[in-house]
Amino acid sequence: GLRFAINFVRSNAGIENLKYLSSPFLLIPIAVYVNLKKEELSDEECKKILKWFYNAQMRGHYSMGSSESILDGDLSVLFKTINLDKLISQLFNHVKKFEVDSGDLANKGTRSPFFSMLYFVLKDNGAKDWITGLKLSDKHIGKSHSIQYHHIFPKSLLREAGKERREINEIANLAFIGGKTNRHILNKKPNVYFEKEVIEKRGEEALSSQLIPLEKSMWEIDAYLDFLAWRRNAIAEEINKFMKKFE
C-alpha cells in the first residue's frame, strides 16, 4: 500500500521529491485506502484522493494537534466506511477551510506548506527557468539546473530599505529558478533584470507564468508592499484554480 501511495504521489500528484510533504503521514491514508480497494481506483477516486491530499498538505493537517491522534481518526473513517467523501469531510471539519485567500499567505515563508503548494502549482502550469528555459523539475542533473527558490526583490536591497525579515522572506517574494540563473541574477533590482535578463530573452510569459505582475511600477523597491499584496492575491487565485480540477 505504501509503495502504491508513493508512486501515486509522484505520478498522479506530480511530486517528484517527497521532501516537499508537510508530513509523511499524508501517505498512510492513501496507502490504506488503495489497499482496501485492492489497488483498483476509478478516475473519480483518484480525483478525490488528490483533493484530500493537496488540502491536507497545504493546511498542515497533521501538524494541527497530535499527529498520531489525527491519523487514527482518518484511518478509523476509512476502515469503517471506505468512503473518500467522509475522509474529505473529516479533513474540512479539522482545518475549517479549503479555499485559499491572501490572508493565508501573509507573513508565511519557506517553512509553510503553502510554499510547497506554490511550487506544485507553478510546476503543473509549466513554469520555466528565466534564462535556460528548462521547466521546473526535481529531476534535473547538476547543481547549475537544480531548482532553487529565488528572492524576487533581493534581501540586501530590502534590508537597506528597512523592510522586516518576515516581509523579505515572504512566499510572495519567492520564485523558482535554476541555480545558475540564481547566481547570475544575484542582487540586481527587479526593474533591471526583469527587463534585460528575462523579458528580452524569454518574453513576458516567463514572468506571468510565475505570477509576477507585468506593470513596471510594481518592480520598484518603493512599491514592494504593493507587490506583495498583488502577488498574494495572484497565488491564492492560482491555487484555487488548480484545486478546482479535483471537484
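The values are calculated or read from the model by the stated rules, or taken from the named source; none is laboratory data. Predicted model only: the values in this text are computed from it and were never measured. Neighbour counts run over all protein chains shown; Cβ positions are idealised from the backbone, glycine included. Each accessible area value is taken on the protein alone, full model and side chains, heavy atoms only, with ligands, DNA and RNA left out. Shrake-Rupley method; radii C 1.70, N 1.55, O 1.52, S 1.80 Å.
Structure notes:
- Answer from D138, D124 - the residue that is among the acidic types (D, E), on the phi < 0 side of the Ramachandran plot and touching an Asp or Glu at 6+ places or on another chain (Cβ under 9 Å): D138
- Filtered by the rule that a residue be closer than 17 Å to L26 by Cβ, open to solvent by 30 Å² or more (accessible area, probe 1.4 Å) and of a type in the set (D, E), region 66-88 gives E68, D72.
- For region 124-153, the set of residues classified as at pLDDT 95 or above and not hydrophobic (A, V, I, L, M, F, W, C) consists of H151 only.
- When we screen I168, I177, I141 for residues that are farther than 25 Å from D104 by Cα and among the aliphatic types (A, V, I, L, M), the only hit is I141.
- Only one of L225, L158 that is open to solvent by 60 Å² or more (accessible area, probe 1.4 Å), in contact (Cβ under 8 Å) with a residue 24 or more places away in the chain, assigned to a helix (DSSP H, G or I) and within 21 Å of G109 (Cα to Cα): L225
- Filter result for M218 (open to solvent by less than 50 Å² (accessible area, probe 1.4 Å), closer than 30 Å to I88 by Cβ, assigned to a helix (DSSP H, G or I) and at pLDDT 95 or above): no
- Cross-chain or 6+ apart pairs with Cβ under 9 Å, region 190-204 first and within 16 Å of L157 (Cα to Cα), then acidic (D, E): P190/E220; N191/E220
- Residues of region 89-133 that are open to solvent by 70 Å² or more (accessible area, probe 1.4 Å), farther than 18 Å from L228 by Cβ and touching a residue at least 40 places away in the same chain (Cβ under 8 Å): E99, D124, N125, K128.
- Only one of H145, H150 that is buried (at least 16 other Cβ atoms within 10 Å of the Cβ), on the phi < 0 side of the Ramachandran plot and assigned to a loop (DSSP other than H, G, I, E, B): H145
- L211 being surrounded by 15 or more Cβ atoms within 10 Å (Cβ to Cβ) and either farther than 26 Å from N17 by Cβ or hydroxyl-bearing (S, T, Y) (or both): no
- Residue ID - nearest to R111 (Cα to Cα), chosen from residues in region 21-65 that are of a type in the set (D, E) and either part of a helix (DSSP H, G or I) or open to solvent by less than 10 Å² (accessible area, probe 1.4 Å) (or both): E45
- Matching residues in region 66-88 - criterion: being without any contact (Cβ under 8 Å) to a residue 12 or more places away in the chain and part of a loop (DSSP other than H, G, I, E, B): S66, N83
- Filter result (part of a helix (DSSP H, G or I) and out of contact with any Leu (no Cβ under 9 Å at 6 or more places or on another chain)) within region 197-215: E197, E200, K201, R202, E205, A206
- Of all the numbered requirements in (1) modelled with pLDDT under 95; (2) part of a loop (DSSP other than H, G, I, E, B), N182 misses one, and that requirement is (2).
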